[in-house]
Amino acid sequence: MLPLPSPGDTIARPELHALIGGRIRGRISPSKTAPVISLFTTPGAHDSQHDGWTGTHFHFQGEGQGEREQQIKGGNRALAEHASSGRTLGLFVTALGGLVRYLGAYRVDLDIPYVQVPLPVVGDPVHPQRTGYVFRLLPEAGTPSPAGVPAAPKVNTVAVVRECDLALPFRPRPGAERGRKLTSIEAAADRLLKAYGDHLRHLGRDVRRYHITPARELLPLPVDLFDGTTDEVIACPGSVARTHMRAAFGELLDMQRFFNPTPRRVMLVPSEPRPDLTSLCTENDITLVWPDGSGAFKESGPNTVAL
């Protein structure tokens with residue numbers, strides 16, 4: 001029998017490691033003296049941002065911070081391969097005073113062991129997001145449902161399209177660093193989307209917003225705006241710089257495939273792009289829209305609709 005506490009018991013972490021072994025720091029602590037891997041979740045912490053109980057699974061974010069991509073090696077590999085190594089997963093949540101509370105014994109769900117998620121680089125909002133892992137853990141028989149932990153969204157096996165409140169901020173997007181200020185480009189996109197949405201509603205258009213969660217994905221992909229009257233999906237890069245417009249180009253291709261019938265693609269930009277980028281969009285059936293300085297908008301492309 002493993003020398004673990006009973007679910008709900010608290011223990012000082014140094015005392016726990018003296019009892020079962022493993023490193024005293026870190027989220028994933030494999031023991032060399034007992035067949036157990038201790039996992040530690042800290043609600044509200046950056047490295048636990050995807051941790052939580054879905055009602056059937058406990059989601060546990062993998063190890064690895066900084067700018068590097070997370071990989072299935074080290075503690076993450078020990079966690080992923082715990083069953084083949086004959087180890088039990090002991091899950092703990094940090095408590096006050098340096099204590100940890102035992103939530104019980106868990107195992108990785110072999111059907112979908114983990115999903116990949118975009119992770120922000122802490123303190124660097126303009127740095128490209130990196131790839132992280134969220135492990136899907138099932139409680140062993142007799143382990144009670146965890147209490148005092150955040151709720152987490154389930155992983156669906158089919159894509160889910162959900163309509164959103166138009167009043168919600170457009171930025172930051174899901175997966176961005178918590179609590180950070182918007183960049184100037186994000187703020188510009190936010191203002192432009194609000195203005196264009198108001199303009200379309202003034203014209204009597206059926207304006208909506210959606211979040212799309214692809215199958216086996218954890219975070220939703222936001223659709224900036226959707227014009228139901230003209231059947232157009234709209235993305236706003238917030239800048240006419242090539243890097244940002246290419247990102248919006250890919251976003252439109254990604255979002256379009258989740259709607260039936262297939263909508264037209266529209267890119268909302270703060271000013272008229274240079275000719276090369278305009279040609280790129282036109283040749284790929286993307287309509288460009290930008291403010292004309294008088295409160296109205298200009299449009300250029302293969303599917304021009306009167307604005």
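With (1) surrounded by 15 or more Cβ atoms within 10 Å (Cβ to Cβ); (2) hydroxyl-bearing (S, T, Y); (3) within 27 Å of S48 (Cβ to Cβ) as the list, and Y210 as the residue in question, which single condition is left unmet?
Y210 satisfies every listed condition except (3).
What about P153, is it outside any loop (DSSP other than H, G, I, E, B) and under 26 Å from I37 (Cα atoms)?
no
Please indicate, with yes or no, whether at least one residue in region 130-141 is open to solvent by 70 Å² or more (accessible area, probe 1.4 Å), part of a loop (DSSP other than H, G, I, E, B) and in contact (Cβ under 8 Å) with a residue 40 or more places away in the chain.
No, every residue in region 130-141 fails to be open to solvent by 70 Å² or more (accessible area, probe 1.4 Å), part of a loop (DSSP other than H, G, I, E, B) and in contact (Cβ under 8 Å) with a residue 40 or more places away in the chain.
Does region 40-61 include one or more residues that are aliphatic (A, V, I, L, M) and touching a Gly at 6+ places or on another chain (Cβ under 9 Å)?
No, because not a single residue in region 40-61 is aliphatic (A, V, I, L, M) and touching a Gly at 6+ places or on another chain (Cβ under 9 Å).
Go through the residues of region 102-112 one by one and say whether even a single one is in a strand (DSSP E or B) and hydroxyl-bearing (S, T, Y).
yes
For region 13-59, give me the residue count where each residue is more than 21 Å from R77 (Cβ to Cβ), of a type in the set (G, A, S) and at pLDDT 95 or above.
Summing the residues that are more than 21 Å from R77 (Cβ to Cβ), of a type in the set (G, A, S) and at pLDDT 95 or above in region 13-59 gives 2.
Condition (residue is open to solvent by less than 20 Å² (accessible area, probe 1.4 Å), without any contact (Cβ under 8 Å) to a residue 24 or more places away in the chain and under 26 Å from Q129 (Cα atoms)) applied to region 69-92: is it met by at least one residue?
no
Considering each of R201, R178 in turn, give the residue that is over 18 Å from A248 (Cα atoms) and in a loop (DSSP other than H, G, I, E, B).
After applying the criteria, what remains is R178.
Anything in region 266-289 that is open to solvent by 10 Å² or more (accessible area, probe 1.4 Å), touching a Gly at 6+ places or on another chain (Cβ under 9 Å) and within 17 Å of G197 (Cα to Cα)? List them, or say none.
The one that is open to solvent by 10 Å² or more (accessible area, probe 1.4 Å), touching a Gly at 6+ places or on another chain (Cβ under 9 Å) and within 17 Å of G197 (Cα to Cα): P270.
Which fully enclosed strands (runs of 3 or more DSSP E) of region 216-270 have 2 or more residues being farther than 11 Å from A189 by Cβ and among the charged types (D, E, K, R)?
Filter on region 216-270 gives 264-268.
Exactly one of (1) on the phi < 0 side of the Ramachandran plot; (2) open to solvent by less than 30 Å² (accessible area, probe 1.4 Å) is unmet by Y114. Its number?
Tallying (1) on the phi < 0 side of the Ramachandran plot; (2) open to solvent by less than 30 Å² (accessible area, probe 1.4 Å), Y114 fails exactly one: (2).
The values are calculated or read from the model by the stated rules, or taken from the named source; none is laboratory data. Bear in mind that the values here come from a model prediction, so they are computed numbers and not experimental data. Cβ coordinates were reconstructed from backbone atoms using ideal geometry, including for glycine residues, and neighbour counts include every protein chain displayed. Just the protein is used for accessible areas: all its heavy atoms, side chains included, with ligands, DNA and RNA removed. Shrake-Rupley method; radii C 1.70, N 1.55, O 1.52, S 1.80 Å.
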